[in-house]
1. Among 36-46, 179-189, how do they line up from the highest to the lowest mean number of other beta-carbon atoms within 10 Å?
2. Take the eigenvalues of the Cα gyration tensor for the chain, scale each by 5, and report the square roots as semi-axes in whole Å, largest first.
3. Once label points are set 7 Å from the Cα along Cα→Cβ at both Asn197 and Ser167, what is their separation, rounded to one decimal in nm?
4. Could you calculate the contour length gain from Ala76 to Glu175, that is, 0.36 nm times the residue separation minus the distance between their Cα atoms, to one decimal place in nm?
5. Lys and Arg at +1, Asp and Glu at -1: add these up for the other residues within a Cβ distance under 13 Å of Met157 and post the number.
6. Rounded to the nearest 500 deg cm²/dmol, what is the calculated helix-only ellipticity per residue at 222 nm for the chain, with -39500 (n - 2.57) per DSSP H run of length n ≥ 4?
7. Along Cα→Cβ, 7 Å out, is where each label goes; now give me the distance between the ones at Ala156 and Glu144 in nm to one decimal.
8. Any idea what the relative contact order of segment 55-144 is, in percent, if you count C-alpha pairs under 8 Å spaced at least 6 apart?
Amino acid sequence: MVVCSGRKTLVLPDGRVLAANPGEAIAVSGGLVVDVGNDPGSSPDYRAEVFMFSNSWLNSLPSRTGDDCGAVRVSADFSETISACRRIVSESEALPAAVRAHRLLEVLVWLESEGIALHGAPDTLAARIRRMVADRPERSWTTEEVVAALAEEGHAMSAATLRRRLSGEGAGLTEIITDTRLSLALARLQASEAPVNLIAAECGYDSASRFAIRFRARFGLSPSEIRQKNDIERIGTTNERRGVALRVVAG
């Protein structure tokens with residue numbers, strides 16, 4: 001996450017705080033759950049570019065040493081590497097796959113030189129279910145539907161085995177589905193001007209009022225409050241809501 005204007009702050013589960021001002025960046029490995037703050041500060045607005053690497057690509061690379069996250073200063077040379085990755089978005093069809101992979105790998109080498117070794121999220125059962133729900137959040141996702149969807153992906157198991165394996169990972173099916181839906185809803189509230197009731201429906205909630213109650217319980221603010229200026233500055237800014245963030249997916 002390369003900050004162009006304003007300030008980004010990430011709070012990790014262990015209480016560590018990562019912050020980046022313009023000309024700085026924050027790198028976070030897959031699977032980490034963080035609280036994000038985007039503050040325009042004295043700038044007219046907040047703006048950042050976000051580069052996302054696929055779990056499969058990251059986990060296919062040789063092991064690297066370093067922390068799983070961190071904040072770094074973007075030097076002139078590092079900025080050139082980032083610019084090369086940025087061009088992949090517009091030139092991806094013209095560049096051979098090996099060239100694209102090499103340019104993306106340079107970003108990881110720079111980060112490793114700063115003591116950061118990015119890796120993808122572990123391919124746990126909970127992670128697979130999160131991906132399924134994220135692809136179709138509007139589905140009811142009963143236990144039976146989850147079991148059937150897993151079987152279609154080649155991970156056949158009974159409902160009892162599903163519950164037992166999730167318990168072993170410290171997760172529950174209802175918790176996973178709810179958290180995935182609400183996280184998607186938060187992103188859509190910040191990235192679009194769609195009505196709250198439409199976002200609620202798209203994320204699997206027939207009742208907008210029930211959605212609002214669960215949303216507040218999860219994030220401490222109601223969906224409508226997210227849309228208000230002061231809260232947007234704290235949680236997600238105008239530019240990010242308009243989709244200015246740049247996404248590069250490797251693999």
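1. Top of the packing list down: 179-189, 36-46.
2. They are 31, 25, 17 Å, listed from largest to smallest.
3. 4.1 nm
4. That pair, Ala76 and Glu175, stretches by 31.3 nm at full extension.
5. Result for the neighbourhood of Met157: +1.
6. Helix-only estimate at 222 nm: -14500 deg cm²/dmol.
7. Output for this residue pair reads 1.9 nm.
8. That works out to 44 percent.
The values are calculated or read from the model by the stated rules, or taken from the named source; none is laboratory data. In this text the structure is predicted, and so the values were computed from the model without any measurement. Don't worry about glycine lacking a Cβ; one is built from the backbone with ideal geometry, like all the others, and counts go over all protein chains shown. With ligands, DNA and RNA removed, areas are computed over all heavy atoms of the protein, side chains included. Shrake-Rupley method; radii C 1.70, N 1.55, O 1.52, S 1.80 Å.
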